[in-house]
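First the structure, in the form of structure tokens, and then the observations on it.
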């Protein structure tokens with residue numbers, strides 16, 4: 001009788017927002033255990049060096065709907081590799097449980113009887129504005145912040161976003177906010193958010209190629225079109241955006257934009 005293969009384990013790991021230095025110590029420890037690494041487009045490939053040289057690397061893609069592997073295929077692959085006895089590092093940009101579909105992947109693993117651990121990552125929702133010099137909360141300006149997807153599940157019958165409620169939140173952070181930028185800004189203004197509310201779009205945040213546009217709700221679409229701003233990017237809306245003028249720090253560092261920031 002053939003010996004039964006012992007089921008492996010899946011580590012669903014948050015890779016952080018782009019700056020390889022923002023990976024967590026525990027994430028690195030888990031990568032070092034991997035037989036297989038399945039990673040997304042937004043993952044900084046410098047992080048792959050932490051996995052053993054003997055590991056297999058599988059690129060899953062997942063960029064703006066253009067997926068090398070569909071989500072269903074990824075789910076299937078995670079379970080299969082673990083059931084074959086492998087230790088799998090599932091490396092996802094930002095934090096897996098913040099609009100990262102990590103919960104969906106974990107549900108599949110539970111259903112298949114596959115052990116897993118979730119390793120939180122530094123979410124781009126917080127780190128990217130920070131690298132742009134934009135604090136999401138600031139005494140005297142705002143005590144509330146909300147994180148919203150800019151790209152809801154297209155199969156849903158209706159939106160879960162309460163635009164009226166959002167107008168009362170001090171700082172709004174939209175992840176994946178470029179593709180539907182016009183709809184987002186129009187909805188906020190239609191529900192009472194002032195057209196003069198400061199806003200910022202941040203692309204490739206936390207990397208030497210970080211790009212930032214600042215303006216207002218009423219000007220952001222035109223500014224983004226003029227710059228040919230493409231996803232992925234984060235939209236920040238609220239008075240804290242104006243603090244960038246004095247708190248901006250990352251893009252003032254030596255060699256910024258040249259691939260090396262010291």
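Quick check on my filter: what residues within the stretch 8-43 are surrounded by 18 or more Cβ atoms within 10 Å (Cβ to Cβ) and either without any contact (Cβ under 8 Å) to a residue 40 or more places away in the chain or more than 23 Å from residue 54 (Cβ to Cβ) (or both)?
14, 16, 17, 18, 19, 22, 42
Test residue 54 against the criterion of being at pLDDT 95 or above, in the same structural domain as residue 88 (by TED's automatic domain parsing) and not in a helix (DSSP H, G or I), and give yes or no.
Yes, satisfied.
Conditions tested, residue by residue: (1) farther than 22 Å from residue 123 by Cβ; (2) part of a helix (DSSP H, G or I).
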position: 5; (1), (2): yes, no
position: 18; (1), (2): no, no
position: 29; (1), (2): no, yes
position: 38; (1), (2): no, no
position: 49; (1), (2): yes, yes
position: 69; (1), (2): yes, no
position: 90; (1), (2): no, no
position: 96; (1), (2): no, no
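Condition check ((1) surrounded by fewer than 16 Cβ atoms within 10 Å (Cβ to Cβ); (2) in a helix (DSSP H, G or I)) across all residues:
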| position | (1), (2) |
| --- | --- |
| 192 | yes, no |
| 200 | no, no |
| 215 | no, no |
| 242 | yes, yes |
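How many residues are surrounded by fewer than 17 Cβ atoms within 10 Å (Cβ to Cβ) and part of a loop (DSSP other than H, G, I, E, B) if we restrict to the stretch 136-168?
Qualifying residue count for the region: 18.
Which residue is surrounded by the most Cβ atoms within 10 Å (Cβ to Cβ), if the candidates are limited to the stretch 169-183 and must be at pLDDT 95 or above and under 14 Å from residue 223 (Cβ atoms)?
Applying the filter and picking the extreme gives 181.
Of all residues in the stretch 98-125, how many are within 16 Å of the chain's Cα centre (by Cα) and either closer than 14 Å to residue 24 by Cβ or not in a helix (DSSP H, G or I) (or both)?
10
Among the numbered criteria (1) in contact (Cβ under 8 Å) with a residue 12 or more places away in the chain; (2) in a helix (DSSP H, G or I), which one does residue 73 miss?
(1)
The values are calculated or read from the model by the stated rules, or taken from the named source; none is laboratory data. Quick caveat: nothing in here was measured; it's all calculated off a predicted structure. Counting neighbours? That spans all protein chains shown, and the Cβs are built from the backbone with ideal geometry, glycine included.
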